Amino acid sequence: MKDKLVREVMIPISDYATISEEDTLNNAISELKEARKSTKYTRKHRAVLAYDSDNNITGKISFRCIFKALEPKYRQFEHPENGAGVNLSRFGFNEEFLSSLLENFSLWDETLEELVKKASKIKVKDIMYTPNPGTGEYVDEDAPVAEAVHQFILGCHQSLLVTKDGKVVGVIRLADLFDIVCDLL
C-alpha cells in the first residue's frame with residue numbers, strides 16, 4: 001500500500017454530491033438520493049458534501065446527520081465545543097440505560113412524518129458535521145494509501161476528505177479501500 005497514492009483511489013469532488021451549506025435538509029436529501037441512483041462507483045454515496053459561499057467544502061451531511069436532525073433533542077448529548085455527538089455505548093452503558101434515554105428525554109415522541117416535516121426546512125449548516133483540522137479527517141492527495149488506512153483505523157472514520165494545497169479535492173472511503181484489499185486477496 002505504500003506505493004499507491006490517495007489521489008489514485010479517491011473520488012474527485014466533481015463525482016460527489018455537493019450542496020450549499022445555506023440550502024435545506026430537504027434539498028440535501030434529494031441530492032443524496034440522486035447521487036445514490038446515478039453513481040458510477042461500485043458503492044453508493046452515503047453523504048453529501050457542503051460548500052460555503054467561496055465553494056470551499058466545509059462539512060458532510062451523512063445518514064447519521066440526517067437522523068439526528070429529525071430529532072433535535074439529540075443536541076442535548078452533543079459536546080458544546082464542536083457539536084460532536086457522544087457515543088455513550090463506548091463508555092460502557094448498557095442497552096437498558098441507553099433505551100431509558102428514549103423515554104427520559106422524550107426522544108422520537110412525535111410521528112416520523114411530523115419530525116420529517118419540521119426537519120426538512122433546517123439549513124444544512126445547522127446539521128452538517130464539520131471535520132476539524134488535526135483530527136485525522138483530512139489526508140493529502142499525495143499521501144500513500146497506507147497513511148489513509150492508518151487514519152481510518154485510529155480515527156474510526158468512514159471517509160476522509162482529500163486535500164491539495166489545503167483545499168478539499170476529493171473523498172476517500174473506507175469501503176473503497178476494503179474493495180482494493182479484497183481484490184488483492
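Every read-out reported here was derived from the displayed coordinates using simple, explicitly stated rules and does not represent laboratory data. None of these values were measured; they are calculated from a predicted model. So basically every Cβ, Gly included, is an ideal-geometry build from the backbone, and we count neighbours across all protein chains shown.
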Practice problem: Calculate I(q)/I(0) for the chain by the Debye formula, one identical point scatterer on each C-alpha and no solvent, and give its log10 at q = 0.11, 0.13 Å⁻¹ to two decimals. | Solution: -0.55, -0.76
Practice problem: Please compute the net charge surrounding Glu110, taking Lys and Arg as +1 and Asp and Glu as -1 over other residues with Cβ under 12 Å from its Cβ. | Solution: -1
Quiz item: Could you put Leu107, Leu112 in order, starting from the residue whose Cβ has the fewest other Cβ atoms within 10 Å?
Solution: Leu112, Leu107
Quiz item: Can you give the calculated 222 nm mean residue ellipticity of the chain, where each DSSP H run of n ≥ 4 adds -39,500 (n - 2.57) and the sum is split over every residue, rounded to the nearest 500 deg cm²/dmol?
Solution: -10500 deg cm²/dmol
Quiz item: Using modelled amide H (1.01 Å from N, peptide plane; none on Pro or chain starts), what sits under 5 Å from the amide H of Thr163, excluding residues fewer than 5 places away?
Solution: Val139, Asp140, Glu141, Val169
Practice problem: Measure up Lys40/Lys118; Lys4/Lys164; Lys33/Lys121; Lys33/Lys167 against 23 Å on the Cα-Cα distance and list the ones that go over. | Solution: Lys40/Lys118; Lys33/Lys167
Quiz item: Where the centroid of each part is defined by its Cα atoms, how far is segment 106-185 from segment 10-66 in Å?
Solution: 11 Å
Self-check item: Between helix 95-104 and the chain: long-axis angle, C-alpha atoms, 0 to 90°, nearest 10
Solution: 50 degrees
Practice problem: For segment 93-185, give the share of DSSP beta bridges that are antiparallel, in percent and rounded to the nearest 5; count only bridges with both residues there. | Solution: 65 percent
Quiz item: What is the Cα convex hull volume of segment 107-147 when expressed per residue in Å³?
Solution: 151 Å³
